[in-house]
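The values are calculated or read from the model by the stated rules, or taken from the named source; none is laboratory data. Quick caveat, the model's predicted, so the values are computed rather than measured. Here Cβ is always computed from backbone atoms with ideal geometry, including for glycine, and neighbour counts include all displayed protein chains.
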Amino acid sequence: VYALVDCNSYYVSCERVFDPRLRGRPVVVLSNNDGCVVAASREAKDAGIRMGTPLFQIRELLRRRGVAVRSSNYTLYGDLSGRVMSVLAGFGADMEVYSIDEAFLHWPRGAEPDRPAALGRLIRRRVLRWTGVPVSVGIASTKTLAKVAAHHAKRASAGVRCLLDDGAVDSALRDLPVGEVWGIGGRLARRLARVGIRTAGQLRDADTRRVRSLLTVTGQRTALELRGFSCLPLELAAPDARSIVRSRSFGRPVTAERDLAEAVSLHASRACEKLRAAGLLAGGLRVFIQTNPFRTDQRQYARQACIELDPPTDDTAEVLGLARAALGRIYRDGCVYKKAGVMLEGLCRRGSRPGSLFASGDRERSRRLMATIDAVNARWGSESLAYAACGVERTWRMRRGHRTPCYTTRWDELPEVRCG
Ligand SMILES: [Mg+2]
């Protein structure tokens with residue numbers, strides 16, 4: 001038996017945990033630099049607000065409908081997600097964290113819960129009580145059906161939906177547009193519509209060879225999953241990343257090389273931290289800068305520089321030096337820059353490389369220094385130890401005019417409670 005646990009309107013729910021005034025009210029969360037809507041509460045969607053809409057187009061609508069606006073606070077969302085996942089880990093099932101706000105749980109044959117619906121309600125109650133985040137739970141015999149169940153659970157009053165008998169599965173699939181099925185989406189849905197397959201039920205009942213010729217073996221697996229044959233096992237360990245990218249738009253136009261250098265250094269430094277946390281080394285470094293493509297009145301410029309890292313490394317100081325030199329090669333005076341970033345590529349496991357013939361004591365010193373910096377920052381908070389190249393004032397940073405405090409990850413932003 002599989003369960004999909006999905007947080008409801010996740011970013012909005014995180015904002016509501018610490019600001020109860022937002023409950024029951026329409027709320028939207030904006031993308032970086034407060035550009036467009038990336039999350040909307042049910043009330044906001046009912047007011048006609050669509051995801052992806054630029055803020056300037058709906059200012060008037062937001063004001064008229066009394067919609068609360070928040071900047072995205074990914075530190076808060078990431079931390080609460082970790083808490084939700086650790087509550088879910090306590091239910092004695094195998095678990096796949098599928099995204100920031102979704103996880104699959106799996107109980108193998110013979111170890112299934114006796115009363116799945118009651119278990120679903122318990123999961124929902126416990127996550128809400130322990131983290132403040134409301135979730136929907138879909139329970140079924142395959143991952144694809146569990147996704148369908150969670151979709152219906154959003155509208156069920158108890159927030160739980162079980163699709164474990166044929167009648168329940170039939171009625172859940174009958175009117176579900178096929179594009180809503182996990183792994184199908186708009187493009188494949190149009191291809192299916194041409195042969196008269198419009199609902200999830202029709203896809204399930206279609207001839208499997210026909211489905212295979214239309215959608216390849218991946219689509220055939222989806223159809224089998226809808227019939228209750230489990231073809232997609234849990235992915236317990238995420239595969240190693242092939243590259244790590246860090247980039248952001250600036251909060252204000254940037255022209256000075258010095259500001260670009262700080263931004264590139266900060267991105268490189270964060271990318272190296274991520275690299276070491278994953279136990280990887282990078283064999284290549286790419287630095288990129290660009291102007292704002294929407295400002296057609298300004299001179300357009302975009303360049304990147306690639307550098308081979310041989311031998312592969314995870315040393316921040318080394319990467320910072322090379323990134324700074326690369327920036328010097330591509331920087332052009334007189335442009336107004338909008339974005340800068342860094343990519344680490346050619347990643348390999350730290351232990352998988354044979355030791356270099358010329359490995360020296362320097363390597364060992366670097367390894368110990370990086371381990372010490374990471375340990376200090378883990379203990380005392382991110383950037384307790386940082387490279388000066390990353391800048392201090394960082395006036396180029398993103399605009400986040402409506403950001404809520406990092407309630408759960410910064411001592412100076414803890415929520416305060418007063419009784420009077
Ligand atoms: Mg969700």
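Scanning the range 372-394 for residues that are part of a helix (DSSP H, G or I) and either in contact (Cβ under 8 Å) with a residue 40 or more places away in the chain or surrounded by 14 or more Cβ atoms within 10 Å (Cβ to Cβ) (or both) yields ILE373, ASP374, ASN377, ALA389, CYS390.
Scanning the range 401-420 for residues that are part of a helix (DSSP H, G or I) and either in contact with an Asp or Glu (Cβ under 9 Å, 6 or more places away or on another chain) or exposed (fewer than 11 other Cβ atoms within 10 Å of the Cβ) (or both) returns TRP411, ASP412.
Of all positions in the range 341-349, at least one carries a residue that is more than 20 Å from GLY279 (Cα to Cα) and at pLDDT 85 or above. If I go through the range 165-189 residue by residue, how many of them are touching a residue at least 24 places away in the same chain (Cβ under 8 Å) and in a helix (DSSP H, G or I)? The number of residues fulfilling the criteria is 8. Filtering ARG212, ARG248, ARG252 for residues that are touching a helix residue (DSSP H, G or I) at 6+ places or on another chain (Cβ under 6 Å) and among the basic types (Lys, Arg) leaves a single hit, ARG212.
Please determine whether any residue of the range 391-403 is at pLDDT 90 or above and of a type outside the set (Val, Ile, Thr). No: the range 391-403 contains no residue that is at pLDDT 90 or above and of a type outside the set (Val, Ile, Thr). Here VAL5 does not qualify as over 24 Å from LEU163 (Cα atoms) and either β-branched (Val, Ile, Thr) or surrounded by fewer than 22 Cβ atoms within 10 Å (Cβ to Cβ) (or both).
Residue count for the range 279-302, restricted to those that are free of Cβ contacts under 8 Å to residues at least 40 places away in the same chain and either over 23 Å from SER249 (Cβ atoms) or surrounded by 15 or more Cβ atoms within 10 Å (Cβ to Cβ) (or both): 1. Across the range 245-303, the number of residues qualifying as in a strand (DSSP E or B) and among the hydrophobic types (A, V, I, L, M, F, W, C) comes to 11. If you go through the range 18-38 and keep only what is within 15 Å of the ligand (Cβ to nearest atom) and either touching a residue at least 60 places away in the same chain (Cβ under 8 Å) or surrounded by 23 or more Cβ atoms within 10 Å (Cβ to Cβ) (or both), you end up with VAL27, VAL29. Of all residues in the range 190-220, those satisfying the criterion of being in contact (Cβ under 8 Å) with a residue 24 or more places away in the chain and closer than 25 Å to SER171 by Cβ are THR199, ALA200, GLY201, GLN202, LEU203, ARG204, LEU215, GLY219.
Apart from one condition, ARG221 fits all of (1) surrounded by fewer than 16 Cβ atoms within 10 Å (Cβ to Cβ); (2) over 21 Å from the mean Cα position of the chain (by Cα); the exception is (1). Based on what the data block shows, is SER136 hydroxyl-bearing (Ser, Thr, Tyr), crowded, with 22+ Cβ neighbours inside 10 Å and over 20 Å from PHE229 (Cα atoms)? Yes. For the range 143-152, filtered to residues that are touching a helix residue (DSSP H, G or I) at 6+ places or on another chain (Cβ under 8 Å), more than 14 Å from PRO177 (Cβ to Cβ) and hydrophobic (A, V, I, L, M, F, W, C), the residue that is surrounded by the fewest Cβ atoms within 10 Å (Cβ to Cβ) is ALA149. So, ALA44, is that one more than 15 Å from the chain's Cα centre (by Cα), away from the ligand (no atom under 14 Å from the Cβ) and either surrounded by 22 or more Cβ atoms within 10 Å (Cβ to Cβ) or free of Cβ contacts under 8 Å to residues at least 60 places away in the same chain (or both) or not? Against the criterion (more than 15 Å from the chain's Cα centre (by Cα), away from the ligand (no atom under 14 Å from the Cβ) and either surrounded by 22 or more Cβ atoms within 10 Å (Cβ to Cβ) or free of Cβ contacts under 8 Å to residues at least 60 places away in the same chain (or both)), ALA44 qualifies.
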